[in-house]
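K.L.:
Would you mind keeping the following structure in view while I ask a few things?
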Amino acid sequence: MVGHQAAEVIESKNADYPVGTKVLCRHGWTSHSISDGVNPGFASGDVCSPLRKLDFPDGIPTSAALGVLGLTGVTAYFGVIDVCRPKEGETMFVNTAAGAVGSLVGQIAKLKGVKTIGCTSTDEKVVFLKEYGYDEVFNYKKEDLDAALKRTAPNGIDCYFDNVGGKFSSTVLRYLNYGARVAICGFVSQYNRLQDQEKVPAPEGILLWQNISVKGFLFWEYRSQFPKAYEDMIQWLQEGKLKHKEWITDGFENMPKAFIGQLSGENYGKPIVKA
């Protein structure tokens, strides 16, 4: 299985990575790995990138490289700032808001002066998201989506950060304001979809007449801008303007359990396995 590790060098013949160096590497589900200092790639933009050295300020754990100061963080950062481009006073709606990306999206949007609305799957996660600064939160398993959006977004939605897709997003489209921006980060409702399992209305009419911009985006498009994103988020963490939640599972042998738990929505924030 592919995946990232925040690891420590325990033996080295590479002067660039002496023993004790902490790195972010991409060697999948392994307890130990051998590296030549170059990451194996799982996407075109990642091939042959050097191992990232981790040297965070005091108070920021090394594991942050797997979440808020890693691909999770830059996905949230650029999805908000570059794709959604929120303006002060606007409204943003985020689904799967209690996940690793969603819990950061709402906080970054708040820093831009935006009203944030999140939805999640349990009452406990509703409380969690309110603690993380969301203005409005609802449990989509208990409240009809139409009714919830009418209640929480009476003036419509200007920015939609989408991780679900399908019928859910077809409903959300009806509440988007003229000139709204949609960031497509994922489409979890369709990952295991059977052919013709779910049919939704064609969106072209709403997108055209409401002048809505929709963009799918992938983190590696922004690789050259990662340093700026990390700099901003480290500053926000140190100033207490950004919080991050790690959902930690102990034991390498529990990797499958943690992975299945993530897919079933058990996690709050970033799932991490401590080997």
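The values are calculated or read from the model by the stated rules, or taken from the named source; none is laboratory data. Here the structure is a predicted model, which is why all the values come from computation and not from measurement. When we count neighbours, we look across all protein chains shown, and the Cβ atoms used for this are built from the backbone with ideal geometry, even at glycine. These accessible areas exclude ligands, DNA and RNA; they are computed on the full protein's heavy atoms, side chains included. Shrake-Rupley method; radii C 1.70, N 1.55, O 1.52, S 1.80 Å.
K.L.:
Under 5 Å between amide H atoms, partner at least 5 residues away or on a different chain: which partners does K274 have, H built in plane at 1.01 Å?
P.N.:
Amide H to amide H, under 5 Å and 5 or more residues apart or across chains, K274 pairs with T249, D250, G251.
K.L.:
Right, here's the next one. If you count only protein heavy atoms and use a 1.4 Å probe, how large is the accessible surface of E143, to the nearest 10 Å²?
P.N.:
Near enough 50 Å² of accessible area.
K.L.:
Which order do S33, S170, S224 take by accessible area at a 1.4 Å probe, largest first? Provide the component values of the computation, followed by the final result.
P.N.:
On the way: S33 55, S170 20, S224 105 Å².
Order by accessible area, largest first: S224, S33, S170.
K.L.:
Which of the lysines could a cross-linker bridge to K215, judged by Cα under 19 Å and excluding same-chain residues fewer than eight apart?
P.N.:
Of all the lysines, those that pass the test against K215 - Cα under 19 Å, at least 8 places apart if same chain - are K87, K167.
K.L.:
For region 58-131, report the accessible area per residue in Å² (1.4 Å probe, heavy atoms, rounded to an integer).
P.N.:
Details: 2290 Å² over 74 residues.
Accessible area per residue: 31 Å².
K.L.:
Next question, about the same structure. Rank these by accessible area, largest first, 1.4 Å probe: T152, T171.
P.N.:
On the way: T152 0, T171 20 Å².
Ranking T152, T171 by accessible area, largest first, yields T171, T152.
K.L.:
Give, as a single signed number, the net charge of other residues whose beta carbon lies under 14 Å from the beta carbon of D144, with Lys and Arg counted +1 and Asp and Glu -1.
P.N.:
Numbers: positive: K141, K142, K150, R151, K167, R174; negative: E143, D146.
Net local charge, D144 excluded: +4.
K.L.:
Let me ask something else. Where Rh denotes the Kirkwood radius from the mean inverse Cα pair distance, what is Rg over Rh for region 11-93?
P.N.:
On the way: Rg = 16.5 Å, Rh = 15.3 Å.
Reported Rg/Rh (Cα atoms, Kirkwood Rh): 1.08.
K.L.:
Further, regarding this structure: What list of ³J(HN,Hα) couplings, whole Hz, do you get for region 205-212 from phi and the Karplus terms 6.51, -1.76, 1.60, once you set θ to phi - 60° and write x for glycine and proline?
P.N.:
Residue by residue, region 205-212 yields x, 5, 4, 5, 6, 9, 6, 8 Hz.
K.L.:
Further question on the same structure: For the chain, modelled as a GNM with alpha-carbon contacts under 10 angstrom, which of K110, K228, K53 fluctuates the most?
P.N.:
Of K110, K228, K53, the most mobile in the Gaussian network model is K228.
K.L.:
Could you go through region 165-176 in sequence order and give the Karplus-derived ³J(HN,Hα) for each residue, using 6.51 cos²θ - 1.76 cosθ + 1.60 with θ = phi - 60°, rounded to whole Hz, and x for Gly and Pro?
P.N.:
x, x, 4, 4, 6, 4, 5, 4, 3, 5, 9, 7
K.L.:
To continue, here is another question. Relative to the present Cα-Cα distance, how much length would full extension add between K87 and N254 at 0.36 nm per residue of separation? Let's see the in-between values first.
P.N.:
Details: separation 167, 0.36 × 167 = 60.12 nm, distance 4.28 nm.
Gain in length upon complete extension: 55.8 nm.
K.L.:
Counting only other residues whose beta carbon sits under 13 Å from that of Y17, what net charge do I get with K and R as +1, D and E as -1? Each step should come with its number before you reach the end.
P.N.:
Working: positive: K13, K22, R52, K53; negative: E8, E11, D16, D36, D55.
Summing Lys and Arg as +1 and Asp and Glu as -1 gives -1.
K.L.:
Would you kindly state how much longer the chain becomes between Q210 and F56 on full extension, computed as 0.36 nm times their sequence separation minus their alpha carbon distance, in nm to one decimal?
P.N.:
Details: separation 154, 0.36 × 154 = 55.44 nm, distance 4.40 nm.
Full-extension gain reported as 51.0 nm.
K.L.:
Quick one: which residues, 5 or more positions from G99 or on another chain, have an amide H under 5 Å from its amide H? H modelled 1.01 Å from N in the peptide plane, none for Pro or chain starts.
P.N.:
Residues meeting the amide H criterion: G269.
K.L.:
In addition: When Lys and Arg each count +1 and Asp and Glu each count -1, what net charge do the other residues less than 15 Å away from D58, Cβ to Cβ, add up to?
P.N.:
Cβ neighbours under 15 Å give a net charge of -1.
K.L.:
What FRET efficiency, computed as 1/(1 + (r/R0)^6) with R0 = 30 Å and r the Cβ-Cβ distance, is obtained for T171 and Q238, rounded to the nearest 0.05? Walk me through the intermediate numbers first.
P.N.:
Numbers: r = 39 Å, r/R0 = 1.31.
Once the sixth-power term is evaluated, E becomes 0.15.
K.L.:
On to the next question. Just read off the accessible area of H27 with the full protein assembly in place, 1.4 Å probe, to the nearest 10 Å².
P.N.:
40
K.L.:
Here is a further query. With the cut-off at 28 Å, tell me which of the pairs K125/K228; K115/K142; K112/K142 have Cα atoms farther apart than that. Write out the running numbers ahead of the final one.
P.N.:
Details: K125/K228 31 Å; K115/K142 22 Å; K112/K142 30 Å.
Table pairs above 28 Å Cα-Cα are K125/K228; K112/K142.
K.L.:
For G118, which sequence-distant residues (separation of 5 or more, or a different chain) have an amide H within less than 5 Å of its own amide H, given hydrogens modelled in the peptide plane?
P.N.:
Placed amide hydrogens put V94, E136, V137, F138 under 5 Å from G118.
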